[in-house]
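Student: Here you go, one structure.
The values are calculated or read from the model by the stated rules, or taken from the named source; none is laboratory data. Source: prediction; values computed, not measured. Methodologically, a virtual Cβ is constructed for each residue, glycine included, from the backbone with ideal geometry; neighbour enumeration extends over all protein chains shown. Ligands, DNA and RNA are stripped out before the accessible areas are found, and what is left, the full protein with its side chains, is counted by its heavy atoms. Shrake-Rupley method; radii C 1.70, N 1.55, O 1.52, S 1.80 Å.
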Amino acid sequence: QVRLVESGGGLVLAGGSLRLSCAASELTLRNYAMAWFRQAPGKEREIVAAISRSGADIYYADSVKGRFTISRDNAKNAVYLQMTSLKPEDTAVYYCAADRRIVGLRLGRQNYDYWGQGTQVTVSL
């Protein structure tokens, strides 16, 4: 079953912004390190951002650093990815993922136990 549900994807022009949301089903997200991955057609799924359970540690892929911001709202049991200055190369299906790691964060896809179904982000010129 899908334990995480992404929303907020869509079609935007280059330079535009989107905020992706990740909502939990049967999970309390405050107990998990969280990450956003993306997968473009014909490409391997790659991590774009991650945030530790405490929020103290944050990772961004070089390709999105300075443009994307990952955050979490425990009151809403949600995780967000604010994307600005979007580029066509950001076009992909974006996935939310949860890692049971208590401290720190991990970057490998294999470390994440729960996933959403993905939300499509398309950036056009």
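Student: Do we have R72 as without any contact (Cβ under 8 Å) to a residue 60 or more places away in the chain, open to solvent by less than 50 Å² (accessible area, probe 1.4 Å), of a type in the set (K, R) and within 16 Å of E6 (Cβ to Cβ) here?
Tutor: yes
Student: Hey, among I70, I102, I51, I47, which residue is within 21 Å of A24 (Cα to Cα), over 12 Å from the mean Cα position of the chain (by Cα) and aliphatic (A, V, I, L, M)?
Tutor: Numbers: I70 fails: over 12 Å from the mean Cα position of the chain (by Cα); I51 fails: over 12 Å from the mean Cα position of the chain (by Cα); I47 fails: over 12 Å from the mean Cα position of the chain (by Cα).
On inspection, the qualifying residue turns out to be I102.
Yes or no, residue by residue, for (1) of a type outside the set (A, V, I, L, M, F, W, C); (2) touching a residue at least 24 places away in the same chain (Cβ under 8 Å); (3) exposed (fewer than 13 other Cβ atoms within 10 Å of the Cβ):
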{"position": "Y80", "(1), (2), (3)": "yes, yes, no"}
{"position": "T84", "(1), (2), (3)": "yes, yes, no"}
{"position": "V103", "(1), (2), (3)": "no, yes, yes"}
{"position": "Q110", "(1), (2), (3)": "yes, no, yes"}
{"position": "G116", "(1), (2), (3)": "yes, yes, no"}
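Student: Go through the range 4-22 and count every residue that is surrounded by fewer than 17 Cβ atoms within 10 Å (Cβ to Cβ) and either within 24 Å of A33 (Cα to Cα) or in contact with a His (Cβ under 8 Å, 6 or more places away or on another chain) (or both).
Tutor: So in the range 4-22, the residues surrounded by fewer than 17 Cβ atoms within 10 Å (Cβ to Cβ) come out as 5, 7-8, 10-11, 13-17, 19.
Narrowing further to those that are either within 24 Å of A33 (Cα to Cα) or in contact with a His (Cβ under 8 Å, 6 or more places away or on another chain) (or both): 5, 7-8, 19.
So the count comes out to 4.
Student: Is it the case, given these coordinates, that L27 is open to solvent by less than 20 Å² (accessible area, probe 1.4 Å), at pLDDT below 95 and over 30 Å from L13 (Cβ atoms)?
Tutor: Values: open to solvent by less than 20 Å² (accessible area, probe 1.4 Å): yes; at pLDDT below 95: yes; over 30 Å from L13 (Cβ atoms): yes.
Yes; evaluated as a whole, the condition is true for this residue.
Student: Still on this structure, I have one more. So which of S54, S71, S63 ends up being at pLDDT below 95 and either part of a helix (DSSP H, G or I) or on the phi < 0 side of the Ramachandran plot (or both)? Write out each step before concluding.
Tutor: Working: S71 fails: at pLDDT below 95; S63 fails: at pLDDT below 95.
Exactly one residue qualifies, and that residue is S54.
Student: State all residues of the range 36-66 that are closer than 21 Å to T122 by Cβ and among the hydrophobic types (A, V, I, L, M, F, W, C); if no residue qualifies, say none.
Tutor: W36, F37, A40, I47, V48, A49, A61, V64 - these are the residues of the range 36-66 that are closer than 21 Å to T122 by Cβ and among the hydrophobic types (A, V, I, L, M, F, W, C).
Student: Still on this structure, I have one more. Among the residues of the range 30-51 satisfying the criterion of being open to solvent by 20 Å² or more (accessible area, probe 1.4 Å), outside any loop (DSSP other than H, G, I, E, B) and without any contact (Cβ under 8 Å) to a residue 60 or more places away in the chain, which is farthest from G104 (Cα to Cα)? Walk me through how you get there before you give the answer.
Tutor: Initially, the range 30-51 is screened for residues open to solvent by 20 Å² or more (accessible area, probe 1.4 Å), giving 30-32, 39-47.
Next, from what is left, pick out any that are outside any loop (DSSP other than H, G, I, E, B): 30-31, 39, 46-47.
Narrowing the set further to residues that are without any contact (Cβ under 8 Å) to a residue 60 or more places away in the chain leaves 30, 46.
On the way: R30: 13, E46: 19 Å.
Looking at residues that are open to solvent by 20 Å² or more (accessible area, probe 1.4 Å), outside any loop (DSSP other than H, G, I, E, B) and without any contact (Cβ under 8 Å) to a residue 60 or more places away in the chain, I get E46.
Student: Also, I was wondering about something else. Taking the range 59-116, which residues are closer than 16 Å to V12 by Cβ and of a type in the set (K, R)?
Tutor: R67, K87, listed by residue number.
Student: Restricting to the range 93-125, count the residues that are in a strand (DSSP E or B) and on the phi > 0 side of the Ramachandran plot.
Tutor: Pass one, the range 93-125, residues in a strand (DSSP E or B): 93-99, 114-116, 119-124.
Pick out the ones that are also on the phi > 0 side of the Ramachandran plot and you get none.
Summing the residues that are in a strand (DSSP E or B) and on the phi > 0 side of the Ramachandran plot in the range 93-125 gives 0.
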